[in-house]
Amino acid sequence: MNSTVFWNDWAFERPANSEKIPVTIGGAGETMTLWKPLAGLFAALALAACGGGSGSPGTGDEVPVELCVASDCGELIVLATVPDAENLLFTPGGRLFVSGGTNVFEVVRTGDTTVELTPLSPTDCNFTGLALRGYTLYASCGSGELYAAALDAEPELAPIHTYENTALPNGMATGADGALYVTDGPLPGNGSLPSPKIIRLRFAENDPMQVVEQITWLDDGLAFPNGLVRRGNLLYFTDSSILPVELGAVRSVPILPDGSAGDVVTVATFASLLDDLTSVGDRLIVTGYLSGRIVLLGADGVEISGTALGGLSFPSSVIVGQPPMFRPDELLITEKGILGDTASGVGNRLTLLRPNPS
């Protein structure tokens, strides 16, 4: 029988009949008629319909460092080409993964400004959110499948579950109890109707590759959910709204002790469409998909700093660097570019924001 080891809100599954495992601690053709002020919102959301995801699962225990989230204190360096670059995830041991419109790649730093990418899926898929649960990497595909891979030396992703009644499985986060939370939105990616919600997946106690339950965990208080991250018992997600008109919003919802969803609270609003977000200490870093910038928010939801407008090409996710490959004052950013374009020089890249020398 498998057992589960918990450390700092991380659940590491130990396979049966083994004493040890190598765990390091540390795109629809419908036509709508809308009031003119709202038409822009739908057009913008359509641009980011495949955006979203989550970074490394946040627990709120991270120690903040002095981060350069501005254009005058750091340098943007393109590390690699990633088609339709989408989402980022670090493991506790510092392995880095990036998803995109064709595959999920493991990223290995080979030099100061160079990395090597290894694809993990033998078949192409429009991958969106990434999550880590114990010793297993999970990746959602826009067509409606959940992929997974054991994090051995050469992980290979394979589909393990077909999502039910979803339009676009997107941002992902892992709960402290090992459940996976997945946003469905912001708009359909598989020809179905919109179905804005957050899904919860539970797994077999002894098999991280077997989904035993899919439920709609939250379908009230959200309209166009996208990126998702957890800090402690709070899930933070990016969203938009038609009435009242909110192009971009960051909202939070608690996971209650009985596992249900609490009340949704709006943390911050923006005049531009958002994509993903990540947590560092009591702060959040949010990607402004249409504004072409990233923004650092304080615990009160007030902007502390941000990069220049248009300095990034449709940023889709951001994550704080983690040793041994990256410093904790460095930021990794995916620049998606034009949706569906996986070959041009507009976006399609993994970028490093490195602070200037003191």
**Complete:** Of the listed residues (Ser279, Ser291), the one being in contact with a strand residue (DSSP E or B) (Cβ under 9 Å, 6 or more places away or on another chain), part of a loop (DSSP other than H, G, I, E, B) and crowded, with 17+ Cβ neighbours inside 10 Å is Ser291
**Item:** Within region 201-240, considering residues that are among the polar types (S, T, N, Q) and outside any loop (DSSP other than H, G, I, E, B), the one nearest to Ile160 (Cα to Cα)
**Value:** Gln210
**Item:** Given (1) at pLDDT below 95; (2) open to solvent by 20 Å² or more (accessible area, probe 1.4 Å); (3) touching a strand residue (DSSP E or B) at 6+ places or on another chain (Cβ under 9 Å), index of the condition Arg349 fails
**Value:** (1)
**Asked** Any residue in region 221-228 that is open to solvent by 50 Å² or more (accessible area, probe 1.4 Å), polar (S, T, N, Q) and at pLDDT 95 or above?
**Response** no
**Message:** Condition (residue is assigned to a loop (DSSP other than H, G, I, E, B) and small (Gly, Ala, Ser)) applied to region 320-331: is it met by at least one residue?
**Reply:** yes
**Item:** Among the candidates Gly301, Gly311, residue that is in contact with a Leu (Cβ under 9 Å, 6 or more places away or on another chain) and either among the aliphatic types (A, V, I, L, M) or open to solvent by 40 Å² or more (accessible area, probe 1.4 Å) (or both)
**Value:** Gly311
**Prompt:** Do we find a residue being out of contact with any helix residue (DSSP H, G or I) (no Cβ under 8 Å at 6 or more places or on another chain), surrounded by fewer than 20 Cβ atoms within 10 Å (Cβ to Cβ), of a type in the set (A, V, I, L, M, F, W, C) and closer than 22 Å to Arg133 by Cβ anywhere in region 251-265?
**Reply:** yes
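The values are calculated or read from the model by the stated rules, or taken from the named source; none is laboratory data. Owing to the predicted nature of the structure, the values given are computational and were not obtained by experimental measurement. When we count neighbours, we look across all protein chains shown, and the Cβ atoms used for this are built from the backbone with ideal geometry, even at glycine. Accessible surface areas use protein heavy atoms only, side chains included; no ligands, DNA or RNA. Shrake-Rupley method; radii C 1.70, N 1.55, O 1.52, S 1.80 Å.
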